[in-house]
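What follows is one structure encoded as structure tokens, with my remarks underneath.
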Amino acid sequence: DPGRGESSAVLGVRATALNDSSVLLLAEDRTQRQRADEARRDFVANISHELKTPIGAMALLSEAIEGAADDPESVRRFAGRMQHESGRLGRLVNEIIDLSRLQFDNPVESARAVPVDAVIGEALDRVQSAAEAKHIRLVRGGPHGLAVIGDKDQLVTAVNNLVDNAIAYSPEHTRVAVGVRERDDAVEITITDQGIGIPDDELPRIFERFYRVDQARSRQTGGTGLGLAIVKHIAAAHRGEVSVWSSHGAGSTFTLRLPRHPGSHTTADPVRPVDSTAADVTEGTA
Ligand code: ADP
């Protein structure tokens, strides 16, 4: 296709002579299958690498504990680091399980009307203590009463991952806002933070599995690099999409666009705080 630049395809071709003058050619486009195979191989290679790191660290730490048996201070320090590594390993395994399960569930097949308020409410509940620990104020804005089509658990996971990141990559005493918009036959859920932001040249890569802008920082926060890959997968499975806007150093907005349930309508509601950290906040003085 000269009009669309260079591209390549993988074809499986079989030729059979029918008679003296004709040949039957069967061509099968295997491009997709080959790409899926490559992606699967990469994923398995990445998984082994990612699992080996915390397991290796735990092996070293347990040796260190053995060697420091007479020094309670060191034992305590090494044990703390072991807990950190095992926590990371646990999260990693959970997310790998999530991701594999998503591969088999088709949310559109079992689709039902899912109230957006319930999805956001549950996603915010799960991050309440993480937000409190960093004095981050959670704010819910936009209309209520909308519904989308899909699988509620998956949608809660997607919004939760985005809010989780917004908190993880923001400094203390900032604000994370979850907004809702009705756009034609879609509902957009936006998650906005005042955090570290993402450099322009990194933006195209952040939805890749195991990709992290700052390996060291992500390791510290316990990130696995799978959160956004899961969000992207869930959005696509719902025939929606996820996009990002970010200004390095100033903050990010992630937008999850989902098909609106045709029967759902909006009820107006002003922006209001939804968490119990409101006591820490001097509102209106910023
Ligand atoms: P992780 O487990 O490392 O957070 P994700 O897949 O959720 O993995 O995110 C991939 C990377 O994208 C993160 O490591 C981080 O560098 C960047 N990122 C994601 N969300 C945000 C955000 N709200 N602000 C700044 N950077 C972010």
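Numbers below:
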| item | result |
| --- | --- |
| The chain, relative contact order in percent, only Cα pairs under 8 angstrom and at least six apart counted | 18 |
| Solvent exposure, largest accessible area first (probe 1.4 Å, DNA, RNA and ligands not counted), of THR266, THR174 | THR266, THR174 |
| Mean shadow area of the range 1-150 over all directions, Cα convex hull, nm² | 19.6 |
| Cα gyration tensor shape of the range 1-89, rounded if a/c is under 1.5, else prolate or oblate by comparing a/b with b/c | prolate |
| Mean-position separation - Cα centroids, the range 159-173 and the range 88-148, in angstrom | 13 |
| Magnitude of the charge dipole, the chain, Cβ model with Lys/Arg +1 and Asp/Glu -1, debye to 20 | 180 |
| In nm, spacing of pseudo-spin labels at HIS144 and ARG41 (7 Å Cα→C-beta vector) | 5.3 |
| Coil-residue GluC sites (Glu not before Pro) of the range 74-160, DSSP, other Cβ within 10 Å capped at 15 | GLU109 |
| Most fluctuating residue given options VAL176, VAL93, VAL156, as computed from a GNM of the chain linking Cα atoms under 10 Å | VAL93 |
| Lys/Arg +1, Asp/Glu -1 at C-beta; the chain dipole; positive extreme among GLY251, ILE47, HIS233 | HIS233 |
| For the range 118-250, projected area of the alpha-carbon convex hull averaged over all directions, nm² | 7.8 |
| Highest-fluctuation residue, ILE230, ILE120, ILE65 considered, GNM on the chain with Cα pairs under 10 Å | ILE65 |
| Set of lysines with alpha-carbon distance to LYS232 below 19 Å, sequence-local pairs under 8 removed | LYS152 |
| Cβ-Cβ FRET estimate between LEU11 and HIS265, R0 fixed at 51 Å, reported to 0.05 | 0.55 |
| Rg(Cα)/(2.2 N^0.38 Å) for the chain, N = residue count | 1.26 |
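The values are calculated or read from the model by the stated rules, or taken from the named source; none is laboratory data. No experiment lies behind these values; they were computed from the predicted model shown. Quick reminder, even Gly has a Cβ in these numbers, built from the backbone with ideal geometry, and neighbours come from all protein chains shown. To get the accessible areas, we keep the full protein, side chains included, count just its heavy atoms, and leave off ligands, DNA and RNA. Shrake-Rupley method; radii C 1.70, N 1.55, O 1.52, S 1.80 Å.
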